[in-house]
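Asks: This is the structure, below, for whatever I ask next.
The values are calculated or read from the model by the stated rules, or taken from the named source; none is laboratory data. What you see is a predicted model; the values in this text were computed from it and never measured. We place every Cβ from the backbone using ideal geometry, glycine too, and count neighbours over all the protein chains shown. Heavy atoms of the whole protein, side chains included, go into the accessibility calculation; ligands, DNA and RNA do not. Shrake-Rupley method; radii C 1.70, N 1.55, O 1.52, S 1.80 Å.
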There are 2 protein chains.
Amino acid sequence: VKSRRVTAPLRFEDGALEVLDQRRLPANVEWITCRRPEEVAEAIRTLAVRGAPAIGLAAAYGLALAFDGGERCGEESRARFEDAARVLASSRPTAVNLFWAIERGREALAAAEAAGEEPAEALRASADALMRDQWEADRRMAELGAARFEPGDRALTHCNAGALATGGYGTAGGVLRAAWEADRLTHVWVDETRPLLQGARLTAWELDAAGIPFQVVADSSAGSLMTRGLVDRVVVGADRIAANGDVANKIGTYPLAVLARRHGVPFYVAAPLSTIDVGTPDGAAIPIEEREPSEVTTALGRPTAPAGAGAANPAFDVTPAELVSAIFTEAGVLEPPLPDAIRAVLAE
Amino acid sequence: VKSRRVTAPLRFEDGALEVLDQRRLPANVEWITCRRPEEVAEAIRTLAVRGAPAIGLAAAYGLALAFDGGERCGEESRARFEDAARVLASSRPTAVNLFWAIERGREALAAAEAAGEEPAEALRASADALMRDQWEADRRMAELGAARFEPGDRALTHCNAGALATGGYGTAGGVLRAAWEADRLTHVWVDETRPLLQGARLTAWELDAAGIPFQVVADSSAGSLMTRGLVDRVVVGADRIAANGDVANKIGTYPLAVLARRHGVPFYVAAPLSTIDVGTPDGAAIPIEEREPSEVTTALGRPTAPAGAGAANPAFDVTPAELVSAIFTEAGVLEPPLPDAIRAVLAE
């Protein structure tokens with residue numbers, strides 16, 4: 001293997017879930033040991049683990065931690081499960097993957113009861129299976145994406161959509177990794193991604209660990225890089241994709257798509273099918289999450305603006321489907337016209 | 001007057017030049033007292049004072065500080081002047097305004113010698129005149145720019161092109177101030193302007209002092225703001241304007257121009273005629289200054305990326321003339337087609 005290592009955000013060892021504290025990266029690589037569901041909920045609540053799929057996986061393991069081992073399935077174990085589920089569900093109430101992971105856990109518990117298995121073991125096995133599924137889905141989308149690259153390509157990415165965010169191989173980060181493995185990528189431009197610097201802190205750390213050549217750039221540099229012909233592809237993840245193919249992703253994604261179109265650079269999105277929300281007809285129907293102004297008026301916690309200065313902090317923006325060259329999913333590549341491609345893949 | 005105050009970067013009092021230490025803003029408002037040309041050179045060299053016109057003015061006062069007062073003009077004063085000029089010229093060797101200010105000082109000294117005046121007094125008067133000229137030129141371009149605004153307008157600006165940068169009324173910052181005074185501006189979106197945060201640190205500080213409503217935003221937010229119809233004008237300064245109207249300015253300016261065009265938002269540049277370099281035919285001929293990578297991998301001096309991570313740090317980008325709606329100068333508004341407008345204004 002050409003890449004050195006995948007930086008998993010979670011590991012289950014000796015009956016405990018170890019969570020990589022992403023708030024401390026890249027300065028410190030520290031693992032938080034969680035032995036109870038409450039501790040996992042705290043790690044989720046305080047953003048030690050972030051990224052929708054990784055949050056779901058953490059919760060799945062958190063459910064297994066409600067049991068000591070040796071218990072039998074039955075009324076008491078169901079009650080104990082629901083207590084843990086309640087604690088975990090309240091840790092980040094808007095994270096859809098959290099509820100999805102709890103529902104998978106509930107199914108696993110019911111199956112264990114029917115089969116007369118121990119709940120701790122069954123929930124642990126269910127969480128392991130979710131992590132394997134995540135890895136395989138990420139790998140498929142990475143391979144499909146990497147196939148679009150050509151030797152010598154230089155890619156630009158935004159925010160963090162790597163293994164740290166998914167607990168698998170990564171979405172946009174996985175595409176970059178697979179392209180590098182396939183000798184179709186020579187350099188990555190990493191948008192630092194203000195205000196929370198996920199690019200500089202997390203993507204750079206992952207690429208560094210993998211041995212993939214990269215340079216961090218200010219988010220405002222893409223225009224200059226493209227003018228000079230230094231960007232061959234843009235690859236990003238997605239928070240939500242509307243039925244018509246409009247893509248909501250970290251603030252700053254839409255300007256990249258506009259610049260890419262102007263400079264004839266392909267603009268790719270890598271995201272699992274679960275990201276597509278058919279209940280959202282188009283980008284205009286996606287509410288704009290406005291986060292704390294203090295994230296913008298500070299950098300790594302230090303004030304950047306005068307005391308009392310106001311700020312606007314939209315957390316994501318919407319890239320219209322017409323600017324998206326392709327969406328890489330675990331079920332195949334979605335090509336324009338995206339509304340038709342989305343309808344077709346979801347009908348399968 | 002509606003605005004509260006103009007935040008001058010320099011003041012000459014009691015025989016000394018006081019320089020506002022812009023490196024410490026906005027956390028600390030501290031003035032450095034310079035009594036000798038060497039101290040002014042140090043303030044320029046260490047970026048306590050920045051912005052091409054403000055640097056020129058600081059140097060002009062620095063020349064006056066070569067004399068104690070009471071000296072006569074003659075061979076000795078000329079030698080003393082040239083020593084000071086040498087020290088000041090080496091403080092930031094690429095700043096054109098520095099050499100221009102020294103040349104004005106040399107002329108003032110020669111005139112003083114012819115008229116039998118004291119050199120200290122003559123150089124001080126010459127520096128005062130330069131500052132007045134700067135103020136008047138800035139005011140003219142501000143009035144011309146403000147006339148393009150309409151009541152209720154919300155403007156977006158990038159970096160700092162205010163009074164702090166010019167020592168006068170400000171270029172882009174002056175336009176905003178004049179539009180506010182004329183009740184044609186209700187809100188300013190201030191790009192924080194990574195990596196050095198001149199927007200968050202300096203422009204926000206100036207607007208705050210002037211009482212003009214503003215919010216700081218991450219540089220990547222402009223697309224989201226424009227999509228939601230929250231930006232009516234973009235106003236920026238310029239580092240250099242080529243003969244064909246291509247504009248070099250702080251990194252991140254070009255993406256704003258591309259987004260403004262897509263959303264039908266006027267994109268204005270405010271800059272004195274001295275910014276136009278007829279020796280540069282177009283933007284492609286402007287060399288891209290690449291600054292220290294460490295500016296990108298830190299924020300306010302603290303590391304944002306893994307130790308040893310590389311970064312690219314182009315200091316400015318080039319906005320093609322076709323994306324510029326108008327250039328406000330002290331000699332009038334330059335309208336597209338810009339190559340013709342530039343040729344005409346320079347022929348006058």
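Asks: Cβ neighbours within 10 Å, averaged per peptide: list B:49-58, A:264-273 in order, most packed at the top.
Replies: The most tightly packed comes first, giving B:49-58, A:264-273.
Asks: Now for a different question. What GluC sites (Glu not before Pro) does the range A:263-316 have in DSSP loop regions with at most 14 other beta carbons within 10 Å?
Replies: Hits after loop and neighbour filter: A:E289.
Asks: May I pose another question? Keeping all protein chains in place, calculate the accessible area per residue for the range A:300-348 (probe 1.4 angstrom), answer in Å².
Replies: 40 Å²
Asks: Could you work out the relative contact order of chain A, using alpha carbon pairs under 8 angstrom and six or more residues apart, expressed as a whole percent?
Replies: 15 percent
Asks: Here is a follow-up. Normalise the Cα radius of gyration of chain A by 2.2 N^0.38 Å (N = residues in it) and let me know the number.
Replies: 1.00
Asks: Could you compute the FRET efficiency for B:E82 and B:E150, with r as their C-beta to C-beta distance and R0 at 60 Å, rounded to 0.05?
Replies: Result of the calculation: an efficiency of 0.70.
Asks: So, one more: Tell me which A residue has its C-beta closest to the axis rotating A onto B, and the distance in Å?
Replies: A:A299, 2
Asks: If you don't mind, another one. What angle, in degrees between 0 and 90 and rounded to the nearest 10, separates the Cα long axis of helix A:75-89 from the longest principal axis of the Cα atoms of chain A?
Replies: That helix lies at roughly 20 degrees to the long axis.
Asks: Okay, moving on. For chain B, find the longest principal axis of its Cα atoms and tell me its angle to the long axis of helix B:172-181, 0 to 90°, nearest 10.
Replies: Between the helix axis and the principal axis of chain B, the angle is about 70 degrees.
Asks: Ballpark to the nearest 100 Å², how much total accessible area do A and B bury together, probe 1.4 Å?
Replies: 3900 Å²
Asks: Also, I was wondering about something else. Mind listing the label-point distances from B:A284 to the same position on all other copies, shortest first, one decimal in nm, points 7 Å along Cα→Cβ?
Replies: Copy-to-copy label distances for B:A284: 4.1 nm.
Asks: Another one. Would you mind listing the distances between the A:A347 label point and the same position in each other copy? Use 7 Å along Cα-to-C-beta, nm, one decimal, shortest first.
Replies: Spacings between copies for this position, smallest first, are 6.5 nm.
Asks: I want the antiparallel fraction of DSSP beta bridges within the protein assembly as shown, as a percent rounded to 5.
Replies: Close to 50 percent.
Asks: Same structure, new question: Placing +1 at every Lys and Arg Cβ and -1 at every Asp and Glu Cβ, with all other atoms neutral, what dipole size does the protein assembly as shown have around its Cα centre, in debye to the nearest 20?
Replies: Roughly 60 debye for the protein assembly as shown.
Asks: I've got another one for you. With every protein chain left in place, what is the accessible area per residue of the range A:38-125 in square angstrom, probe 1.4 Å?
Replies: Per residue, the range A:38-125 has an accessible area of 46 Å².
Asks: Here's a follow-up. According to a simple spin-label model (label point 7 Å from Cα along Cα-to-Cβ), what is the distance in nm between B:R228 and B:S274?
Replies: 4.0 nm
Asks: Report, for B:P336, each distance to the same residue's label point in the other copies, shortest first and in nm; define the point 7 Å along Cα→Cβ.
Replies: 2.3
Asks: If I compute solvent accessible area with a 1.4 Å probe over the protein chains, what percent of it on chain B is carbon and sulfur?
Replies: That share works out to 50 percent.
Asks: If you place +1 on the Cβ of every Lys and Arg and -1 on the Cβ of every Asp and Glu, how big does the dipole about the Cα centre of the range B:244-348 come out, in debye to the nearest 20?
Replies: So the dipole magnitude of the range B:244-348 works out to roughly 420 debye.
Asks: Checking buried surface per residue: for the range B:310-341, which residues lose a minimum of 50 Å² accessible area in the protein assembly relative to the chain alone (1.4 Å probe)?
Replies: Residues passing the criterion (a loss of at least 50 Å², heavy atoms only) are B:A312.
Asks: Considering only DSSP beta bridges where both residues belong to chain A, give the percentage that are antiparallel (nearest 5).
Replies: So the antiparallel bridges in chain A amount to around 50 percent.
Asks: Select from B:F214, B:L225, B:A112 the residue farthest towards the positive end of the dipole of the range B:101-227; place +1 on Cβ of Lys and Arg, -1 on Cβ of Asp and Glu, and compute about the Cα centre.
Replies: B:L225
Asks: Pick out which of A:T193, A:T298, A:T203 has the largest mean-square fluctuation in a Gaussian network model of chain A, springs linking Cα atoms closer than 10 Å.
Replies: A:T298
Asks: Now for a different question. Go ahead and set up a Gaussian network model of chain A, Cα springs under 10 Å, then flag whichever of A:L88, A:L300, A:L98 fluctuates most.
Replies: Of A:L88, A:L300, A:L98, the most mobile in the Gaussian network model is A:L300.
Asks: Give the long-range amide H neighbours of B:L10: residues separated by 5 or more places, or on another chain, with amide H under 5 Å away, using H modelled in the peptide plane at 1.01 Å from N.
Replies: Those qualifying (amide H under 5 Å, at least 5 residues apart or on another chain) are B:L20.
Asks: Give me a single rounded figure for B:256-269: the average over its residues of other chain Cβ atoms within 10 Å of their Cβ.
Replies: 2
Asks: Using a Förster radius of 22 Å, what is the FRET efficiency between A:E335 and A:T186 based on their Cβ-Cβ separation? Nearest 0.05, please.
Replies: About 0.30, to the nearest 0.05.
Asks: Next question, about the same structure. Please check: in the Gaussian network model of chain B (C-alpha springs, under 10 Å), which one of B:A112, B:A182, B:A305 has the largest mean-square fluctuation.
Replies: Looking only at B:A112, B:A182, B:A305, the largest GNM fluctuation is found for B:A305.
Asks: Go through the range A:220-236 residue by residue and turn each phi into a ³J(HN,Hα) via Karplus (6.51, -1.76, 1.60, θ = phi - 60°); whole Hz please, and just put x for glycine and proline.
Replies: 7, 8, 4, x, 5, 4, 5, 4, 8, x, 9, 10, 9, 8, 10, 10, 9
Asks: State, as an integer percentage, the relative contact order of the range B:167-251 based on alpha-carbon contacts under 8 Å between residues 6 or more apart.
Replies: 24 percent
Asks: What does the charge dipole of the range A:1-72 about its Cα centre add up to, to the nearest 20 debye, if the Cβ of each Lys and Arg holds +1 and the Cβ of each Asp and Glu holds -1?
Replies: That gives the range A:1-72 a dipole magnitude of about 460 debye.
Asks: Can you tell me the orientation of helix A:338-347 relative to chain A, as the angle in degrees between its alpha-carbon axis and the longest Cα principal axis, to the nearest 10?
Replies: Helix A:338-347 and the main axis of chain A meet at about 20 degrees.
Asks: What is the range B:79-212's relative contact order, in percent, from Cα pairs under 8 angstrom and six or more apart in sequence?
Replies: RCO, the range B:79-212: 20 percent.
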